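Peer 1: Before anything else, here's the structure in question.
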Amino acid sequence: MSAKPLLTMNQDQKNKTLSSNFLSSKSSDLNGEITIPGDKSISHRCVILSSLAIGESKINGLLNSSDVNCTINAMKSFGASIDMSSNDECTVNGIGIGSLKQPDNPIDFGNSGTAVRLILGLVSTYPIETHFTGDESLTQRPMRRVTDPLTDFGANFELRNKEFLPIVVKGANLPIPITYEMEVASAQVKSAILLAGLNAPGITTVVEKEKTRDHTETLLKYYGYEISQEERNNKNFISLEGQKYLSPVNIKVPGDPSSAAYPVVAGLICKNSNIKIKNVLLNPTRDGLYRCLDEMGAKITYSNKKNEAGEITYDLEVKSSSLKPIDVPAERAPSMIDDYPILAVAASLTNGISIFRGLSELKVKESDRLLGIYNFLSKNGIDVKIDSNNLIINGSSGGPKGGGLVETNLDHRIAMSSIILGMVSDESIRIDDIETIKTSFPNFIELMKKLGARISV
Ligand code: S3P
């Protein structure tokens, strides 16, 4: 299969690619203790729910990244007052469910699919007009998965080419609550509908065939909102009654397990390493990567269990390990959907064939990630194949040749995974764009260097 760029690059990006000197090189003896920044999914939701609560909320450990800033800016434009007083301390004065004002200007959601899809849901039950747009990656991602069901609340959406941003939303004057059975396993779609339901009179229900991350449900309860969940006929029914109240909270956001995944895998595959990662969220709807690593023989110990924001966190201790190949079942995909690029790096360092099954959703992430993984592995000498929606990696514990230039196509997870791959490759790996990492893990390079990674500009 031939490697082709996913997005048309503008001249600026081409120049950056040609002049890129960002190198990740063979590293060993990783050592030390780090704390991972706040979970991205929970951070978006805390900003939205605090903005809808009546009164002042304090959010500690909010992820201070460009994606979460898009949500902050959006909620400010609807009338909430939000102050990021220190690096990760945020004070929000909410305006109450039912009180969003019409924004004066279009809202730019940058690279953030979660921000745009959740807020498309939120505005659909308000009698206001909102204009949504995003960057070169976000404007190529499918939006009808959210706007189609939201139309049933009574909202009207104008999408570019019937699928993409920019989108103009005219929210419902008299919203009608809905019952919706999910067509794709997507927490963003589920959350968009639940947020829309908050301002619809009566009961809104979402029916999931496959469970997706449940942070919206957990946080709604934490903000004092009644929400019911029950399992019937192997389906998950989630219901809430709209037009009630959210109470302000003092909340601490747990560390992001998808960000922790990069130092964890680095610690496992770099020789003679022993690292500690504090305060990592582990939720059964998010822990697929960790289950895979355990099955592969990873030496990870979980200690200091705590309850933060209705979620469980652990401190992890990670030691260099000799990993085994893995066959990852399709059913596991929703619980690890963001973590396949870094699992692909771990699988490349095993002796034998790993298969990741059922990856169709990877094609509609910040880039076509299935192709992105194929590209960054094959360019660095790894034997990899795409077979329909499956990825097949024939790894080697000796590590790959490396030496390739990785095009990240505005995808932070491809950028970080390539950097970890460079740490076990014979020749350094070059990456075209590290700016994109700021969307989810702004101090990634600093923390990796602190552990001993040989990364240089
Ligand atoms: C997210 C849901 C997932 C995930 C994304 C964050 C969320 O997307 O990939 O990074 O916070 O709800 P999908 O809902 O498209 O699976």
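The values are calculated or read from the model by the stated rules, or taken from the named source; none is laboratory data. Because the structure is a prediction, the values reported are computed rather than measured. A quick note on method: Cβ atoms are made from the backbone with ideal geometry, for glycine too, and the neighbour counts reach across all protein chains shown. All accessible areas refer to the heavy atoms of the entire protein, side chains included, with ligands and DNA or RNA removed. Shrake-Rupley method; radii C 1.70, N 1.55, O 1.52, S 1.80 Å.
Peer 1: Restricted to Cα positions, what overall size does segment 164-245 have along the principal axes? Three whole-Å values, descending.
Peer 2: That works out to 36, 32, 21 Å along the principal axes.
Peer 1: Under 5 Å between amide hydrogens, which residues at least 5 positions from residue 273 or on another chain qualify, with H placed 1.01 Å from N in the peptide plane?
Peer 2: 29, 30, 320
Peer 1: Please report, in whole Å³, the volume per residue of the convex hull around the C-alpha atoms of segment 304-400.
Peer 2: On the way: hull volume 11.7 nm³, N = 97.
So the per-residue Cα hull volume is 120 Å³.
Peer 1: Can you tell me the dipole magnitude for segment 40-251 around its Cα centre, using point charges on the Cβ only (Lys, Arg +1; Asp, Glu -1), in Debye to the nearest 20? Intermediate results must be reported in sequence, preceding the final value.
Peer 2: Numbers: 20 positive and 24 negative charges, 38 e Å.
In debye, rounded to 20, segment 40-251 gives about 180.
Peer 1: Another question about this same structure. Tell me, what is the per residue accessible area of the chain in Å², probe radius 1.4 Å?
Peer 2: Working: 17150 Å² over 457 residues.
It amounts to 38 Å² per residue over the chain.
Peer 1: Return the sequence-ordered ³J(HN,Hα) values of segment 292-302 in whole Hz as given by the Karplus equation 6.51 cos²θ - 1.76 cosθ + 1.60 applied to θ = phi - 60°, using x for Gly and Pro.
Peer 2: Values per residue, Gly and Pro as x: 4, 4, 4, 5, 7, x, 5, 8, 10, 10, 10 Hz.
Peer 1: In whole Hz, what ³J(HN,Hα) sequence does segment 255-271 give by Karplus (6.51, -1.76, 1.60; θ = phi - 60°), x for Gly and Pro?
Peer 2: For segment 255-271, the Karplus curve yields x, 7, x, 6, 6, 4, 3, 6, x, 4, 5, 4, x, 6, 9, 7, 5 Hz.
Peer 1: Expressed as cubic angstrom per residue, what is the convex hull volume of the alpha carbon set of segment 175-218?
Peer 2: Expressed per residue, the convex hull around the Cα atoms of segment 175-218 is 66 Å³.
Peer 1: Then there is this: Can you pull the three principal axis extents for the Cα set of segment 359-450, in Å, largest first?
Peer 2: 36, 32, 18
Peer 1: Take each of the peptides 328-341, 110-123, average the number of other beta-carbon atoms within 10 Å over its residues, and list them starting from the highest. Walk me through the numbers on the way to the answer.
Peer 2: Working: 328-341: 20.7, 110-123: 25.4.
Top of the packing list down: 110-123, 328-341.
Peer 1: List the relative contact order of the chain as a percent without decimals, with contacts defined as Cα pairs under 8 Å and 6+ residues apart.
Peer 2: So the answer I get is 19 percent.
Peer 1: Something else about it: Report, as a whole number in µm² per second, the diffusion coefficient that Stokes-Einstein gives for the chain at 37 °C and 0.692 mPa s using the Kirkwood radius over alpha carbon pairs.
Peer 2: For the chosen part, D equals 147 µm²/s.
Peer 1: Taking all pairs of distinct Cα atoms, average 1/r, flip it, and tell me the Kirkwood hydrodynamic radius of segment 89-161 in Å to one decimal place.
Peer 2: By the Kirkwood definition, the hydrodynamic radius is 13.4 Å.
Peer 1: Right, another one. To the nearest 20 Debye, how big is the dipole of the chain about its Cα centre, given +1 on the beta carbon of each Lys and Arg and -1 on that of each Asp and Glu?
Peer 2: Using Cβ point charges on Lys, Arg, Asp and Glu, the chain gives about 640 debye.
Peer 1: To the nearest 10 square angstrom, what accessible area does residue 376 show with a 1.4 Å probe?
Peer 2: 0 Å²
Peer 1: So for segment 297-360, what are the equivalent ellipsoid semi-axes in whole Å, largest first, each being the square root of 5 times an eigenvalue of the Cα gyration tensor?
Peer 2: One finds semi-axes of 25, 18, 8 Å for segment 297-360.
Peer 1: Next up: So who's got an amide H within less than 5 Å of the one on residue 180, skipping anything under 5 residues away but keeping other chains? H placed 1.01 Å off N, in plane.
Peer 2: Under 5 Å from the amide H of residue 180: 205, 206, 207.
Peer 1: For segment 180-190, just list the computed ³J(HN,Hα) in residue order, Karplus coefficients 6.51, -1.76 and 1.60, θ = phi - 60°, integers in Hz, with x standing in for Gly and Pro.
Peer 2: Taking θ as phi minus 60°, the curve returns 10, 9, 5, 9, 10, 6, 9, 5, 5, 5, 4 Hz for segment 180-190.
Peer 1: Under a point-charge model restricted to the Cβ atoms of Lys and Arg (+1) and Asp and Glu (-1), what is the dipole moment magnitude of segment 342-429 relative to its Cα centre, in debye to the nearest 20? Don't skip to the answer; put the middle values down first.
Peer 2: On the way: 8 positive and 9 negative charges, 31 e Å.
Roughly 140 debye for segment 342-429.
Peer 1: Please list, in chain and number order, the residues 5+ apart from residue 62 or on another chain whose amide H is under 5 Å from its amide H, with Hs placed from the backbone.
Peer 2: Answer set, sorted by chain and number: 90, 253.
Peer 1: Positive end of the dipole of the chain, charges at C-beta (+1 Lys, Arg; -1 Asp, Glu), about the Cα centre: which of 373, 396, 80 has its Cα farthest in that direction?
Peer 2: It is 396, whose Cα lies furthest towards the positive end.
Peer 1: Among 301, 349, 275, whose Cα projects farthest towards the positive end of the dipole of the chain, with charges put on the beta-carbon of Lys, Arg (+1) and Asp, Glu (-1)?
Peer 2: Selected residue: 349.
Peer 1: Compute the projected area of the convex hull of the Cα atoms of segment 40-251, averaged over all viewing directions, and report it in nm² to one decimal place.
Peer 2: Numbers: hull surface 40.9 nm².
Its average projected convex-hull area is 10.2 nm².
Peer 1: Now, a different point. Tell me which of 165, 236, 132 sits at the most positive position along the dipole axis of segment 40-251, charges placed on C-beta atoms (Lys, Arg +1; Asp, Glu -1).
Peer 2: The listed residue farthest towards the positive side: 236.
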